[in-house]
Amino acid sequence: MENNLEFRFAQEEDVEKILFFIRELADYEKMLHEVVATKELLQEWIFKKKKAEVIFAMLDGEEIGFALFFHNFSTFLGRSGIYLEDLFVLPQYRKNGYGKGIFKQLAKIAIERGCGRLEWWCLDWNKPSIDFYLSLGAEPMEDWTVYRIAGDALKNMGSGNS
């Protein structure tokens, strides 16, 4: 159960393991074809530029899950929050409270850092995850829609071509 879990922050030598978990999550979400991250990119952005952090959930010394997160900022709260980009528990370890354990660890980190909230997105079709999040007391942000500018649209806007 979740009380057997230990946690550790990823180190630079864990880049391959981080990429493994990212690919496993993408495969679960039927989006593996969209993963373009490489060990080099993760090393640069997570460890050199320090734009994100990763914790591993450990069971008997083995990584069974991970969470990748970074700080965002709420102008209304006047303080940072934690944005959870990805959380994944290997399939054979699910239904044992480990996902909840990871969320508890993230909440602990948020509180220790004085953050005002913990937030994330979830795919609309992912009912098992939605049910899990609701069981934690999470609230869907029904009045909000996520927007994204990426790829060519981002390049055009950034270069003044749009």
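Just so it is clear, none of the values below were taken in a lab; they were calculated from the coordinates. Not measured: the values here are computed from a predicted model. Positions of Cβ are generated from backbone atoms using ideal geometry, with glycine treated the same way; all protein chains shown enter the neighbour counts.
Measuring between their Cα centroids, the range 53-87 and the range 1-46 lie 12 Å from each other.
Charge dipole of the chain (Cα centre as origin; +1 on each Lys and Arg Cβ, -1 on each Asp and Glu Cβ, all else neutral): 400 debye, rounded to the nearest 20. Comparing LEU19, GLY151, TYR98 along the charge dipole axis of the chain, the residue lying farthest to the positive side is GLY151, per the Cβ-charge model. Using Cβ point charges alone (K and R +1, D and E -1), the dipole size of the range 99-150 about the Cα centre works out to roughly 320 debye. The alpha-carbon positions of the range 53-155 define a convex hull whose volume is 153 Å³ per residue.
The value of relative contact order for the chain, using C-alpha pairs under 8 Å at least six residues apart, is 19 percent.
Inter-label distance, ARG8 to ASP131: 3.4 nm, where each label sits 7 Å from its Cα along the C-beta direction.
A simple rule links phi to the HN-Hα coupling: the Karplus curve 6.51 cos²θ - 1.76 cosθ + 1.60 with θ = phi - 60°, which for the range 55-66 gives 10, 9, 8, 10, 10, 6, x, 10, 6, 10, x, 8 Hz, with x for Gly and Pro. With 27 Å as the limit, the listed pairs LYS30/LYS108; LYS30/LYS100; LYS50/LYS108; LYS49/LYS108; LYS104/LYS127 have LYS30/LYS108 beyond it between alpha carbons. Sites listed here are chymotrypsin sites (Phe, Trp or Tyr not before Pro) in the range 32-69 whose DSSP assignment is loop and whose Cβ has at most 14 other Cβ atoms within 10 Å, and the list is empty. Of the DSSP H helices in the chain, those with a Cα length along their own long axis of 15 Å or more and a mean Kyte-Doolittle hydropathy reaching 0.5 comprise 15-28.
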